[in-house]
Amino acid sequence: MFQLFNEKQILNESEETSSKQTDYTMSANPSFSSDELGISKGTILGDHHMVEAFLGEGSFGVVTKCRDTKKNQTVAIKVNKSNPEILLQAKLEIFILEQLRRLDPDRCNIVEWNGYFLDGERICLNFELLDQSLSDYIGDRNNQGLPMREIRPILHQLTNALFHLGSVGIVHADLKPVNIMVVNRSESQVRVKLIDFGIACNTSAVIPGDCVGTIGYCAPEIMLGTPYDEAIDMWSLGLVAVELATGVPLYPGEDDYDVLKFIIETQGQLPDHLLESGLYTDRPENGQTLFVRLIKEMLALDANQRITPSEVLKHPFFDPGLSRRTPCTDMNSTGGELLVLSQQPSSWKSHGSPPNLGGPEVSPERWRLIPNLTYSHRHTGTHRHKHPFPPSCSHMHLLHTQPTWRQT
C-alpha cells in the first residue's frame, strides 16, 4: 500500500531529483487514448472512476475527465506514470496539497483537491473539474488580449491565491496561463483558480540552482541560480498580467539566454548583487579560485589598484591550511577556472608582414602583431542558463587563436 514519505525523507530525496515542469494543455478530447498508460475512454481507474475524456498530457502522465460512479460526480483525475522519478514527484505534490487543505479553495482561488488513490502502481490525484485554462481562454479571443474589466478581477484573484500560498509558506514555482483555470467561462464575472502544484515547494526547502518553472515565465533569480522565495511567483504573475492585456507572452525565447536578453533590453542591466550571488558566479573560494584572484590583482591595469608585496604575503592563497582543505589542481585541467593558453611568440613567424608595409602612407612602426583573445564561459554542473552579458573574469576562459596585424 502506498504511503507518503515523511517530510524529512521527501526533502532529502527531492534534492537528488531534478525538478520537472508538468506543462499540459486542458481541452477535453473524448477520443484520445494513452497507449503508454493503457488508458482509453471507458477505462476504470481505481475502483470507481470511469474515464470519459482526456483533458491533457505531460511528462508526468495524463489528466482525465472521470465519472465517480459512487458519488455520481464528474472530476479531474491526474494519472501519474509509475516510474520512480514521477512517483517521487507525485509524492512531493501530495505533500504540498496536504498543506493546502488548511485553505478554503474557493476563497483562496486554489483548485480543490479531493485526495488520491492508487490504480495499480500509479498514483492518481483527484481534483475538482474546472472549465478551461486561462491560456485557452485568451486564445478564444484570438490572442488579442482581454478588456480591462476582465483583467482586473482575474489579476486580483491570482494575487489573492499567491497571498494565501505565502501565508502557509509555499512557492508555486510554475505560474503561467496554462496552470490557471477558468472555473466557468459562462459566468458573468470570470473566476479563476491556480492549479498544478507539481513543482511547488515550501520556502524553507528551496534549493538554489533548481531548474524550476517554465522558460519565459521564470524570474531572473531562477535563471541565475540564486536563492529564491515566493517573490518568483510575483514575477510570473506580472508576465501573466501582460499576456492578459496583449494576448501574447512578454518575453518569448527558446532558452534562458534569449529571455535574459529581452529582460536586459527592456528593463536594463541586472543588479550586480544578483549577478554576483548567482550559483555559478559565486563559489566558495578554494586554492584554484584564490590563485586566479591573486593573478588578477597582480595584473591590475591601474597601477594604483595593483596588489603590493605586503598584500601578496597576506593573501589567503598562502593560507597554510588551504592545501589541506582544497588542494589546488592543475590549472590546465578541465576544472581550471582561468585557462590562459601560452601565446608562443615563436609561432607567429609565419604570419608575414603587416598590410601595405611598403606603402608610403603607412609607417611600419605603427603596426603590431596582436594575439586574438576571445573568451568563453564555462559552468560546472548542469544548468540551462547562458549569460547574455560579459561573464565575471573569474570564470572567463581566455582562448588564444591566430594573431593578426593591427594598426596602433
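The values are calculated or read from the model by the stated rules, or taken from the named source; none is laboratory data. What you see is a predicted model; the values in this text were computed from it and never measured. Methodologically, a virtual Cβ is constructed for each residue, glycine included, from the backbone with ideal geometry; neighbour enumeration extends over all protein chains shown.
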Mind checking which residues of the stretch 137-152 are assigned to a loop (DSSP other than H, G, I, E, B) and among the aliphatic types (A, V, I, L, M)? 146
Failed condition for residue 196, given (1) surrounded by 15 or more Cβ atoms within 10 Å (Cβ to Cβ); (2) out of contact with any Ser or Thr (no Cβ under 7 Å at 6 or more places or on another chain); (3) charged (D, E, K, R), with all others met? (2)
Looking for something aromatic (Phe, Trp, Tyr) and under 15 Å from residue 63 (Cβ atoms) - is there at least one such residue anywhere in the stretch 121-133? yes
Note on the stretch 130-146: residues aliphatic (A, V, I, L, M) and buried (at least 20 other Cβ atoms within 10 Å of the Cβ) are 130, 134, 138
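For every residue, the table says whether it meets (1) surrounded by fewer than 23 Cβ atoms within 10 Å (Cβ to Cβ); (2) assigned by TED's automatic domain parsing to the domain that holds residue 270; (3) at pLDDT 95 or above; (4) touching a Ser or Thr at 6+ places or on another chain (Cβ under 9 Å).
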| residue | (1), (2), (3), (4) |
| --- | --- |
| 177 | yes, yes, yes, yes |
| 206 | yes, yes, no, no |
| 221 | yes, yes, no, yes |
| 241 | yes, yes, no, no |
Scan of the stretch 138-166 for residues that are among the small types (Gly, Ala, Ser), more than 17 Å from residue 219 (Cβ to Cβ) and touching a residue at least 60 places away in the same chain (Cβ under 8 Å), ordered by number: 145
Residue 113 is checked against (1) within 22 Å of the chain's Cα centre (by Cα); (2) surrounded by 20 or more Cβ atoms within 10 Å (Cβ to Cβ) and fails just one. What number does that condition carry? (1)
